[in-house]
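The values are calculated or read from the model by the stated rules, or taken from the named source; none is laboratory data. Model, not experiment: these values are computed from the prediction. Every residue, glycine as well, gets a Cβ built from its backbone with ideal geometry; the counts of neighbours run over all protein chains shown.
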Amino acid sequence: MLNPRTYVSGRIQIDITTLEEPLRRAEIVIQALDGSAFSYEGRVFLNNPSASQETTPSLENGYVASYHIFGYGGLFLYVAGRWNDVH
C-alpha cells in the first residue's frame, strides 16, 4: 500500500463583508496535480489543518469535496517471463 501524503495550504483569508451580495457558492481551483503515477482520491477540508486520510469526510470536520485522479503511470507489461515498465 502506498503512503498517503497530506498537503496543507497557507492561510487564505477572504473578507466576505465587502461582497455586494451574500456568498452562495465558491469555486476551489487546485493546480499542479500529478497524474503520472497511480490513481488516487484527494479530499478537501476547510478550516481543518489537522485533517488527514483518517479524518471522516463530514461537514463537522470541514469536508467540502473530493476529486479523483485517474493516473496513467505504474503500467507494467509481462513479456518473456519478466515485468517491464511501459514508460
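Summary of values
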quantity: Sole exception among (1) free of Cβ contacts under 8 Å to residues at least 24 places away in the same chain; (2) surrounded by 10 or more Cβ atoms within 10 Å (Cβ to Cβ) for Pro22, by number; calculated: (2)
quantity: Filter result (within 16 Å of Asn47 (Cα to Cα), in a loop (DSSP other than H, G, I, E, B) and among the hydrophobic types (A, V, I, L, M, F, W, C)) within segment 1-31; calculated: Val8, Ile12, Ile14, Ala26, Ile28
quantity: Residue match in segment 32-41 (condition: of a type in the set (S, T, N, Q) and modelled with pLDDT of 90 or more); calculated: no
quantity: Tally of residues being surrounded by 10 or more Cβ atoms within 10 Å (Cβ to Cβ) and part of a loop (DSSP other than H, G, I, E, B) across segment 35-52; calculated: 11
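Per-residue answers, yes or no, for (1) polar (S, T, N, Q); (2) assigned to a loop (DSSP other than H, G, I, E, B); (3) surrounded by 11 or more Cβ atoms within 10 Å (Cβ to Cβ); (4) modelled with pLDDT of 90 or more:
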residue	(1), (2), (3), (4)
Glu54	no, yes, no, yes
Gly74	no, yes, yes, no
Leu77	no, no, no, no
His87	no, yes, no, no
